[in-house]
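Trainee: Before we start, here is the structure in question, set down as structure tokens.
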């Protein structure tokens, strides 16, 4: 997902959804962990579906070291309400890691089946030419 959401304008007549459609790519929604994320994420996933696109799942950004009750509940409620899996959780502060540490650490942030879920959703209609 692009920074700011799927309806962010990239140009006068171009949104992130338009870009995803042109790429025939599944969309991954990056959601916050805390209060308000259930409604925002469900609305985003619905907008993706209404645009005829596939949502592969949700990645929770800035997952706290010590999640509170709302954050823990959201982790369980998001897949049920949005209808797509939570693929992973990026820990708070990950953006401050250097390239090598980020690359080394990132695989542990995602559920073991996350890549399989993405492969299941992403079936391009055309084969890219080399």
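The values are calculated or read from the model by the stated rules, or taken from the named source; none is laboratory data. Just so it is clear, the model here is predicted, and its values are computed rather than measured. Virtual Cβ from ideal backbone geometry, glycine too; neighbours counted across all protein chains shown.
Trainee: Out of the range 8-32, which residues are part of a loop (DSSP other than H, G, I, E, B), over 19 Å from residue 83 (Cβ atoms) and touching a helix residue (DSSP H, G or I) at 6+ places or on another chain (Cβ under 7 Å)?
Mentor: If the condition is that a residue be part of a loop (DSSP other than H, G, I, E, B), over 19 Å from residue 83 (Cβ atoms) and touching a helix residue (DSSP H, G or I) at 6+ places or on another chain (Cβ under 7 Å), then 8 is the only one that fits.
Trainee: Let me ask another. On the given criteria, is residue 78 more than 13 Å from residue 28 (Cα to Cα) and under 12 Å from the mean Cα position of the chain (by Cα)?
Mentor: Considered against the rule, which asks whether it is more than 13 Å from residue 28 (Cα to Cα) and under 12 Å from the mean Cα position of the chain (by Cα), residue 78 comes out as yes.
Trainee: Here is a follow-up. Since residue 48 meets every condition but one in (1) more than 26 Å from residue 22 (Cβ to Cβ); (2) touching a helix residue (DSSP H, G or I) at 6+ places or on another chain (Cβ under 8 Å), which condition does it not meet?
Mentor: It fails just one condition, (1).
Trainee: Okay, next question. Take residue 9 and decide whether it is touching a strand residue (DSSP E or B) at 6+ places or on another chain (Cβ under 7 Å) and either touching a residue at least 60 places away in the same chain (Cβ under 8 Å) or farther than 22 Å from residue 115 by Cα (or both).
Mentor: Answer is yes for this residue.
Trainee: Just wondering, is there one or more residues in the range 49-59 that are part of a helix (DSSP H, G or I) and at pLDDT below 95?
Mentor: Taking every residue of the range 49-59 in turn, at least one turns out to be part of a helix (DSSP H, G or I) and at pLDDT below 95.
Trainee: Just the residues that are out of contact with any strand residue (DSSP E or B) (no Cβ under 6 Å at 6 or more places or on another chain) and either modelled with pLDDT of 95 or more or surrounded by 14 or more Cβ atoms within 10 Å (Cβ to Cβ) (or both), please, taken from the range 16-34. Explain how you work it out, then say what you get.
Mentor: Step one: of the range 16-34, the residues out of contact with any strand residue (DSSP E or B) (no Cβ under 6 Å at 6 or more places or on another chain) are 16-19, 21-25, 32, 34.
If the condition is that a residue be out of contact with any strand residue (DSSP E or B) (no Cβ under 6 Å at 6 or more places or on another chain) and either modelled with pLDDT of 95 or more or surrounded by 14 or more Cβ atoms within 10 Å (Cβ to Cβ) (or both), then 16, 17, 18, 19, 21, 25, 32, 34 are the ones that fit.
Trainee: Is one or more of the residues making up the range 35-43 farther than 20 Å from residue 115 by Cβ, part of a loop (DSSP other than H, G, I, E, B) and in contact with a strand residue (DSSP E or B) (Cβ under 7 Å, 6 or more places away or on another chain)?
Mentor: Within the range 35-43, not a single residue is farther than 20 Å from residue 115 by Cβ, part of a loop (DSSP other than H, G, I, E, B) and in contact with a strand residue (DSSP E or B) (Cβ under 7 Å, 6 or more places away or on another chain).
Trainee: Moving on. Residues in the range 67-76: is at least one assigned to a loop (DSSP other than H, G, I, E, B) and in contact (Cβ under 8 Å) with a residue 40 or more places away in the chain? So that I can check it myself, show each step before the final result.
Mentor: Here is the first cut: in the range 67-76, the ones assigned to a loop (DSSP other than H, G, I, E, B) are 67-68.
Narrowing the set further to residues that are in contact (Cβ under 8 Å) with a residue 40 or more places away in the chain leaves none.
No, the range 67-76 has no match at all.
Trainee: Select from the range 96-107 the residues that are assigned to a helix (DSSP H, G or I) and either surrounded by 10 or more Cβ atoms within 10 Å (Cβ to Cβ) or in contact with a helix residue (DSSP H, G or I) (Cβ under 6 Å, 6 or more places away or on another chain) (or both) and list them in ascending order.
Mentor: 101, 102, 103, 104, 105, 106, 107
Trainee: Then there is this: Does residue 90 count as under 18 Å from residue 110 (Cβ atoms) and modelled with pLDDT under 95?
Mentor: Spelling it out, it is not the case that residue 90 is under 18 Å from residue 110 (Cβ atoms) and modelled with pLDDT under 95.
Trainee: What tally of residues in the range 35-45 results from selecting those that are crowded, with 19+ Cβ neighbours inside 10 Å and out of contact with any helix residue (DSSP H, G or I) (no Cβ under 6 Å at 6 or more places or on another chain)?
Mentor: 1
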